[in-house]
Amino acid sequence: MRTSLQDLRRRYRDGERLPMITAYDYTSAQLVERAGVPIILVGDSLGMVMQGNDSTLPVTVTDMVYHTRAVVRGSKTPLVVTDLPFGAYAIADDAVRNATRLMAEAGCQSVKLEGGRAVAPIVRRLVELGIPVMGHLGFTPQSVHQIGMRVQGKQVAAAKALIEDALALQEAGAWGIVLELIPAPLAAEVTRRLDIPTIGIGAGPDCSGEVQVWHDVLGLYEDFVPRHTKRFRTLGDEIVAGLGEYAEQVRSREFPTAANSAGM
Ligand code: KIV
């Protein structure tokens, strides 16, 4: 059975921290399941880490449906949250149509969208229609050209505004809020003020849970380790070594052998 929002609320009330990780395909979803992570985010970060774009902006709803379907097929127990991509929820009718598509066609159990008071009416509308919504505040990657790629909420006025945004999302019915790249004391204060979980990324140790991007925590990139992440493995090096060995054995005729072949 899939983790439900009710399960998550219970765990949150019991003080259990909530791990969340991105996944974008069938195989990685299976691995998340085996690791016992209770929440998968099919993030629009896929525009960068799967498609090679330099932002999340080119990602379409059709892309999100495609990746969510694969993740849902690959997992049985985690709650699957899918990002509504850039431009997919600016107008309430679009938000309803696109979120419905992600839930009904692709099979996620919640959508996530970026923004605070400005999107609260849209959050409310979706929730009224039975669509669970997660908010996303702080550095919101879909606004990168507006706000720049930097820590948000450092000034008092910005911090106050972020708290107001968080309260508005809670009031509108969001079940949880991602806090990305904000000072740790601000994340702690937002977490203290809310009755719903905060899931941090680059927001310090005091959120109700943490979300990270698959490629970052598994070390799939050669060089770049952003400060807000941690490499738990360096699988990029492992994969390169494995592929190198494979290619070498093909060249040297060490692989395949009779043991890998069928007879007549
Ligand atoms: O798209 C994504 O992966 C995200 C996380 C960084 C929170 O929104």
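The values are calculated or read from the model by the stated rules, or taken from the named source; none is laboratory data. Worth saying up front: this structure is predicted, and the values here are computed from it rather than measured. Don't worry about glycine lacking a Cβ; one is built from the backbone with ideal geometry, like all the others, and counts go over all protein chains shown. Surface accessibility is based on the protein's heavy atoms, side chains included, excluding ligands, DNA and RNA. Shrake-Rupley method; radii C 1.70, N 1.55, O 1.52, S 1.80 Å.
For the reader, a short list of remarks on this structure follows.
- Residue count, region 129-153 (criterion: open to solvent by less than 30 Å² (accessible area, probe 1.4 Å) and aliphatic (A, V, I, L, M)): 4
- Boolean, Gly202 is touching a His at 6+ places or on another chain (Cβ under 7 Å), within 12 Å of the ligand (Cβ to nearest atom) and touching a residue at least 12 places away in the same chain (Cβ under 8 Å): yes
- The residues in region 29-57 that are open to solvent by less than 60 Å² (accessible area, probe 1.4 Å), within 13 Å of the ligand (Cβ to nearest atom) and under 16 Å from His215 (Cα atoms) can be counted, and the count is 12.
- Any hit, region 102-119, residues being under 19 Å from Thr3 (Cβ atoms), over 16 Å from the mean Cα position of the chain (by Cα), more than 16 Å from the ligand (Cβ to nearest atom) and in a loop (DSSP other than H, G, I, E, B): no
- Qualifying residue in region 90-97 (condition: buried (at least 23 other Cβ atoms within 10 Å of the Cβ) and within 16 Å of the ligand (Cβ to nearest atom)): no
- In the condition set (1) within 19 Å of the chain's Cα centre (by Cα); (2) surrounded by fewer than 12 Cβ atoms within 10 Å (Cβ to Cβ), Arg192 is compliant with all but (1).
- Scanning region 176-192 for residues that are of a type in the set (Val, Ile, Thr) and either touching a residue at least 24 places away in the same chain (Cβ under 8 Å) or within 12 Å of the ligand (Cβ to nearest atom) (or both) gives Ile177, Val178, Ile182, Val190.
- Evaluation of Ala172 against (1) more than 16 Å from the ligand (Cβ to nearest atom); (2) open to solvent by 20 Å² or more (accessible area, probe 1.4 Å) (one fails), failing number: (2)
- Lone unmet requirement of (1) touching a Phe, Trp or Tyr at 6+ places or on another chain (Cβ under 8 Å); (2) crowded, with 23+ Cβ neighbours inside 10 Å for Leu18: (2)
- Filtered by the rule that a residue be in contact with a Ser or Thr (Cβ under 8 Å, 6 or more places away or on another chain), under 20 Å from Gln212 (Cα atoms) and crowded, with 22+ Cβ neighbours inside 10 Å, region 98-121 gives Cys108, Ser110, Val111, Lys112, Glu114.
- Taken together, the residues in region 188-231 that are of a type in the set (A, V, I, L, M) and in contact with a helix residue (DSSP H, G or I) (Cβ under 6 Å, 6 or more places away or on another chain) amount to 6.
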